[in-house]
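Right, one structure below, let's go through it.
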Amino acid sequence: MPCPRIGRVLGFSGREPLYLLDGIPVATNTNFARFLDKFDPLTIERVEVVYGPTALYGAGATGGVIQFFTTTPQEEGFRVSVGTQVRTFITSDDAFDGDGTSPKINASISGRLNDWFSLVAYASFEEVNGIYRSEGDLLTGRSQFADDTTFFGKGVFDLSENQTLTITLNQTELEPSDRFFELVTADAGDGTIIAADAPFSLSYAEQPINEFSFASLSYRNDDLWGGSLSALFYQSDSEFLNPGSDIRSSLQRNGGVFPDSWPGLFQTGRQTDETGFRGQYIKDFNDRLTVAFGADYNTAESDSLLPVSSEADFDSTLFFDAATDAVQTPPYTIDALGVFAEASFAVTDRLSISGGLRWDEFDYEVVGPYEVVFTLEPGQRPGGSGKADDTSFNLGAVYAVNDTLSVFGNYSEGFTIPELGFIGNNVAPGVPVSDSDLVAPVITESTELGIRGSTDTVDYTVAVYYTESDFSAIVGIDPATGLADRDRAPVEIQGFEASVNWQATATFDIAASLAWVDGEIDPNDDGNFIALSTQEIPPLKLSVQPRYRFSDRLSVFGQVLYVDDRDDGFDDGTDANPAESYTLVDTGLTWVTHSTDAGKGTLGLQVANLFNREYIPAGEATFIPGRIFSGPGRSLSVSYQYTF
């Protein structure tokens, strides 16, 4: 379900991770991607997380890898499932009226048609009707009122006992409504803004849209020369164009901070097309040695969309006429090629080591000449092309102290280049991108040490890590203007993570996790470090998740999330405001209403922000007044899924 405002998702060490969907990069070299809108959660079967850089993936994986695997067909028999869900915000007396209540329906089929073919198909439709803060005010966002449609299909051909060919197709479309909202300051006095429903609707020459589609063909052979071969070909397209924005009151024209030439009425968007290949071979040479090697290639074309509308015509007709096309960030192309090898070796029954090498090459072009509009340095920029390549490696070890406790450590490197559209926007007028230090590669070095243990009832992990880069690419926000810039400077990040799972009884378990990150940047490269912005370094977070099973059919669950305050960035001038602490409580239940040979029905209920706390997410709090958004208030979701 779309969020009111989806910000950057920070990586495990304060960096952005690489997102993969069935091995396909969902957001390659662009900070415009809104990943959570790109697929329906019900099509995801499992999630795998790779912490830190790895030789197996490149092109942006310096912050780790989060891979989502889509659902696979049922192996035996045939299954049909239909379901519905309703979410509403219970923050005011009119919580159950049209606004704030979002219905969703879904249906799927899965199973084996014959000895050599199985399939799964899924479709869903959701009518999103607003997101509200705890005081009952409407929050603003790109997907506040929209129709969200998803079609997903996967076919698996069993070529032999050990060979499969899989075809996957996905289409997601989020179509915003034509409702228009005026941004006003909330009564809280903390600089937050809310959305007021304007007494009119809009029309567009360029209709707002958010579409994502991908198609993939994968081959797997689990018995080739004693090993396993996998190959993946894919093509993905992503396009979004936001509803119109009217920022004329914020520009403070005629002597304000921003140039009078900046447009006041426009739509923002981006179109990205990607094609790629990945091949990998894994072989167990004996009980102790496993080797994996392969190559991957991705080619991407990305272009920003910024239709600017006539102010005079809009004021009289409420029509975004998209009279001219401007440049927010320049178009670019990038070809990324990687070759990798990784091995793990059990030295003894207690000691195992692993390591890998990866070579990456990036061949890019920023298409010019162009003139960006949202800049304090107007002028023509020529664009440019270039190439960067390097080899990175990782090395790790795990030692089992005894049957219940092990210690581990690893060192890893990462290599990538910064987001090209953003760099093209910030390079000085007249300077080719290839001549600017802004486009220089980002090389990171990470070290991690930890312990991992388990008993009959408890599993736990504790780890500390340190990451540094002599020439990082950090997004900096000017606290005075709210404008973003890319800082190329030394960065040091350190953190601590701990997690525990306790099976207290046969029916009760509880999981908890703690994450602390700190980071500094040396903006002038003179040895004087200051705190990184909260946009890059999240505050301390503590999560506790209890679950109790009354029976095989009924279970209840909850989550308590505590987010600490953080004022380091504010004190050092990298944040406009300090981030304040908050605690959120969620709860819910799952009830199998009936289960027979004929079918199974499952009722789900979830309450988010149970106590309807007013809070400002840490990443929002640090923005300047007028760009701060509160978090969602209390919401109730009720779902029912029937499978037969």
Next item on the list: Tell me which residues, restricted to the range 398-426, are modelled with pLDDT of 90 or more and open to solvent by less than 40 Å² (accessible area, probe 1.4 Å).
Entry: 400, 406, 408, 409
Next item on the list: Exactly one condition in (1) over 27 Å from residue 462 (Cα atoms); (2) open to solvent by less than 60 Å² (accessible area, probe 1.4 Å) is not met by residue 572; state its number.
Entry: (2)
Checklist line | Single residue of the range 125-144 satisfying the filter (open to solvent by 10 Å² or more (accessible area, probe 1.4 Å) and assigned to a strand (DSSP E or B)) that is nearest to residue 43 (Cα to Cα) | finding: 125
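Across the range 379-389, which residue is nearest to residue 50 (Cα to Cα) among those that are in contact with a strand residue (DSSP E or B) (Cβ under 8 Å, 6 or more places away or on another chain) and surrounded by fewer than 15 Cβ atoms within 10 Å (Cβ to Cβ)?
Of all residues in the range 379-389, those in contact with a strand residue (DSSP E or B) (Cβ under 8 Å, 6 or more places away or on another chain) come to 380-381, 383-389.
Now narrow it down to the ones that are surrounded by fewer than 15 Cβ atoms within 10 Å (Cβ to Cβ): 380, 387, 389.
Details: 380: 42, 387: 27, 389: 23 Å.
Out of the qualifying residues, it is 389.
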Check: Conditions: (1) open to solvent by 40 Å² or more (accessible area, probe 1.4 Å); (2) in contact (Cβ under 8 Å) with a residue 60 or more places away in the chain; (3) aliphatic (A, V, I, L, M). Residue 544 meets all but one. Number of the miss?
Finding: (2)
Margin query: Given (1) part of a loop (DSSP other than H, G, I, E, B); (2) open to solvent by 20 Å² or more (accessible area, probe 1.4 Å); (3) at pLDDT 80 or above, identify the lone condition not met by residue 262.
Written below: (2)
Margin query: Name the residue that is farthest from residue 417 (Cα to Cα), counting only residues in the range 451-471 that are open to solvent by less than 40 Å² (accessible area, probe 1.4 Å) and hydrophobic (A, V, I, L, M, F, W, C).
Written below: 458
Checklist line | So residue 519, is it under 30 Å from residue 489 (Cα atoms), in a strand (DSSP E or B) and open to solvent by less than 50 Å² (accessible area, probe 1.4 Å) | finding: yes
Next item on the list: Kindly indicate whether any position in the range 553-574 is at pLDDT 95 or above, touching a Gly at 6+ places or on another chain (Cβ under 8 Å) and acidic (Asp, Glu).
Entry: no
Margin query: Conditions first: (1) exposed (fewer than 14 other Cβ atoms within 10 Å of the Cβ); (2) of a type in the set (Asp, Glu); (3) in contact with a Phe, Trp or Tyr (Cβ under 6 Å, 6 or more places away or on another chain). Residue 448 passes all but one, so which condition is the exception?
Written below: (1)
Next item on the list: Scan the range 405-438 residue by residue and report those that are within 15 Å of residue 363 (Cα to Cα) and part of a strand (DSSP E or B).
Entry: 415, 416
Next item on the list: Could you please find all residues in the range 350-367 being open to solvent by 60 Å² or more (accessible area, probe 1.4 Å) and touching a residue at least 40 places away in the same chain (Cβ under 8 Å)?
Entry: 350, 353, 357
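Tally up the residues in the range 484-499 that are modelled with pLDDT of 90 or more and part of a strand (DSSP E or B), please. Quick ask: steps written out before the conclusion?
The first filter runs over the range 484-499 and keeps only residues modelled with pLDDT of 90 or more, leaving 490-499.
Then drop every residue that is not part of a strand (DSSP E or B), which leaves 491-499.
Matching residues across the range 484-499 total 9.
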Next item on the list: Select, from 548, 562, 582, the only residue that is touching a Leu at 6+ places or on another chain (Cβ under 7 Å) and among the hydroxyl-bearing types (Ser, Thr, Tyr).
Entry: 562
Next item on the list: Residues being closer than 21 Å to residue 494 by Cβ and outside any loop (DSSP other than H, G, I, E, B): count how many of those fall in the range 529-561.
Entry: 5
Check: Which of the residues that make up the range 372-411 are polar (S, T, N, Q) and over 30 Å from the mean Cα position of the chain (by Cα)?
Finding: 380, 402, 404, 406
Notebook entry, point to check: Are there any pairs, at least 6 apart or on different chains, whose C-beta atoms fall under 8 Å, with the first in the range 528-541 and free of Cβ contacts under 8 Å to residues at least 40 places away in the same chain and more than 24 Å from residue 512 (Cα to Cα) and the second part of a loop (DSSP other than H, G, I, E, B) and open to solvent by less than 50 Å² (accessible area, probe 1.4 Å), and if so, which?
Noted result: 528/522; 529/490; 529/522
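Can you pull out the residues in the range 593-615 that are aliphatic (A, V, I, L, M) and surrounded by 14 or more Cβ atoms within 10 Å (Cβ to Cβ)?
Answer for the range 593-615, where residues must be aliphatic (A, V, I, L, M) and surrounded by 14 or more Cβ atoms within 10 Å (Cβ to Cβ): 603, 605, 607, 608, 610.
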Next item on the list: Please specify each residue of the range 224-242 satisfying the condition of being open to solvent by 30 Å² or more (accessible area, probe 1.4 Å) and part of a loop (DSSP other than H, G, I, E, B).
Entry: 225, 226
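The values are calculated or read from the model by the stated rules, or taken from the named source; none is laboratory data. Given the structure is predicted, the values throughout are model-derived calculations rather than measurements. Positions of Cβ are generated from backbone atoms using ideal geometry, with glycine treated the same way; all protein chains shown enter the neighbour counts. In case anyone asks, the SASA skips ligands and DNA or RNA and just uses the protein heavy atoms, side chains included. Shrake-Rupley method; radii C 1.70, N 1.55, O 1.52, S 1.80 Å.
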